[in-house]
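Peer 1: Got a structure here, written out as structure tokens. Questions coming.
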Amino acid sequence: MFGAVIGVPVATVAYFFLKGVGETQHYLFATLPGELGFHGQPVWWPIPLLALSGLLVALTIRYLPGTAGHKPAEGFKASGPVPPIELAGIIIAAFATLSLGVVLGPEAPLIAIGSGLGVLAVHLVKRDAPEMASLVIGAAGSFAAISTLLGSPLPAAFLMMEVAGIGGAMLGVVLAPGLLAAGVGSLIFIGLDNWTGFGTFSLAVPDIPPAGSPGVSEFLWAIVIGVIAAIFGVGIKRLALLLQPIVERRMVLLTPVVGVAIGVVVLIFVEVTGRSSAEVLFSGQDQLPGLIEGAAGWTVGALLMVVLCKGLAYSFSLSSFRGGPIFPSMFIGAAGGIALSHLPGLPMIAGAAMGIGAMMVAMLGLPLTSVLIVSVFLQADGLTLMPLVIVAVVVSYVVSARLRAA
């Protein structure tokens, strides 16, 4: 019962948080340049906004309780229930990260916000509640917060279980209220969309090219894509982990510098390709459907540039800011797979699917979640392409583990 009840306020908070982020992004990057007299967005426009994001995030981490959420370069971790006193820092740092263009997603902050709100609700009902109650209801809050973000409550549930390593007797204890909270949260998102018309903020591609039956060449490509994604993903993480301790030593000074570096990468991409800065900025969640639907309009050179530039900006973002790693890895994987599809034997949609799965597991280390998200995201094609995605994910997972251990 408590799991069902907590799903309502948590999903409502998550819904309007995502709406606030979207509105702020649109105002700062689309509306404000025109109000200031510019004809469109100047190529340098993201640089000061990203520097401001760095300053706000650094000040939040330095002066508010907690660490403003988990460090994304270190991947998803099961850190237990979030103390409610840390909620303010998590919300402010995440909002400054996401709304000002940093290359991270909303899933990790939403998981933390959901957990903190769940724990807060338990303490409001019973101040001396046992630790297990806080753990279970905090997890239910996290389930509810991301219930529709990944296209369905099911990938969200598997993500939570795989991150926390839930199994055995604990599986039933956490899973029942968690799934119920996710279902209720999903209904809340749908209801608020019907009421406000703001959307459900769910990952989806409206028009997906049909996928044919997998052949031998696609299975060979699955191995190649898995290896390439593992090498690229490990490189992104290593650079982020190399920069992280350097930035943390002088956080207030260096986090804005990292923001400027991201802005310079975006500027180079725009100048070289002539495409929108939004292809490199932000998490990639909103841009991913357009990338797949409009794949024919991308040249190989532009695709390779977006993979390189977004990968570099992603690494910088992981090192210093607060957000989730899922959506940027999906966008980079899709762009890389589409670029490879210009070679013989690899259909575009198959390349994108395998690239998404392989890149996700290289960054997250969560093979089951990586396969499931691709399958749900690509709808009917996801089922057809699942064998290929599994091969690419497993190869990437094994090669990534070997490279990290080297």
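The values are calculated or read from the model by the stated rules, or taken from the named source; none is laboratory data. As the structure is a computational prediction, the values presented were derived from the model and not from experiment. A quick note on method: Cβ atoms are made from the backbone with ideal geometry, for glycine too, and the neighbour counts reach across all protein chains shown. What goes into the accessible areas is simple: the full protein's heavy atoms, side chains included, and nothing from ligands, DNA or RNA. Shrake-Rupley method; radii C 1.70, N 1.55, O 1.52, S 1.80 Å.
Peer 1: When you count, for each residue, the other Cβ atoms within 10 Å and take the mean per peptide, how do 90-97, 243-250, 334-341 rank with the highest first?
Peer 2: Listed from highest to lowest mean packing, they are 334-341, 90-97, 243-250.
Peer 1: Given the peptides 24-37, 59-72, 106-119, arrange them by the average over their residues of other C-beta atoms within 10 Å, most packed first.
Peer 2: By packing density, highest mean first, the sequence is 106-119, 59-72, 24-37.
Peer 1: Quick one, can you get me the convex hull of the C-alpha atoms of segment 309-370 expressed as volume per residue in Å³?
Peer 2: Once divided by residue count, the hull of segment 309-370 is 75 Å³.
Peer 1: Take segment 8-97, compute every pairwise Cα distance, and split them into 5 Å bins from 0; I just need the percent in each bin.
Peer 2: Using 5 Å bins, I get a P(r) of 2, 12, 17, 20, 20, 13, 9, 5, 2, 0 for segment 8-97.
Peer 1: Mind giving me the nanometre distance, one decimal, between the label points for Ala129 and Ser276, set 7 Å out from Cα along Cα→Cβ?
Peer 2: For Ala129 paired with Ser276, the spin-label model returns 4.2 nm.
Peer 1: Oh, and also: Rounded to whole Hz and in sequence order, give me ³J(HN,Hα) for segment 260-272 from the Karplus expression 6.51 cos²θ - 1.76 cosθ + 1.60, θ = phi - 60°, writing x for Gly and Pro.
Peer 2: For segment 260-272, the Karplus curve yields 4, 4, 4, x, 5, 4, 4, 4, 4, 4, 5, 5, 6 Hz.
Peer 1: Next question, about the same structure. Taking a ≥ b ≥ c as the square roots of the eigenvalues of the Cα gyration tensor of segment 184-308, is the shape rounded (a/c under 1.5), prolate (a/b larger than b/c) or oblate?
Peer 2: Taking the square roots of the gyration eigenvalues as a ≥ b ≥ c, segment 184-308 is oblate.
Peer 1: Please enumerate, by chain and number, the lysines with C-alpha under 20 Å from the C-alpha of Lys71, excluding those fewer than 8 residues away in the same chain.
Peer 2: Leaving aside lysines fewer than 8 places away in the same chain, those within reach of Lys71 are Lys237, Lys310.
Peer 1: Moving to a separate point now. According to a simple spin-label model (label point 7 Å from Cα along Cα-to-Cβ), what is the distance in nm between Val43 and Glu248?
Peer 2: Calculated label separation equals 3.7 nm.
Peer 1: Could you check how much of the accessible area of segment 262-381 is carbon and sulfur, as a whole percent, using a 1.4 Å probe?
Peer 2: Solvent-exposed carbon and sulfur of segment 262-381 make up 67 percent of the total.
Peer 1: Right, something else. Based solely on its DSSP helices, what 222 nm [θ] is calculated for the chain when runs of n ≥ 4 H residues each add -39,500 (n - 2.57) and the sum is averaged over all residues, nearest 500 deg cm²/dmol?
Peer 2: The helix-only estimate for the chain comes to -24000 deg cm²/dmol at 222 nm.
Peer 1: Right, something else. Can you send over the carbon and sulfur percentage of the accessible area for segment 89-146, probe radius 1.4 Å, protein chains only?
Peer 2: 69
Peer 1: Another one. Put Phe143, Phe158 in order of accessible area, largest first, 1.4 Å probe: what do you get?
Peer 2: Putting Phe143, Phe158 in descending order of accessible area: Phe158, Phe143.
Peer 1: In terms of the Cα gyration tensor, with a ≥ b ≥ c the square roots of its eigenvalues, is segment 330-406 rounded because a/c is under 1.5, prolate because a/b exceeds b/c, or oblate?
Peer 2: It comes out oblate by the Cα gyration axes.
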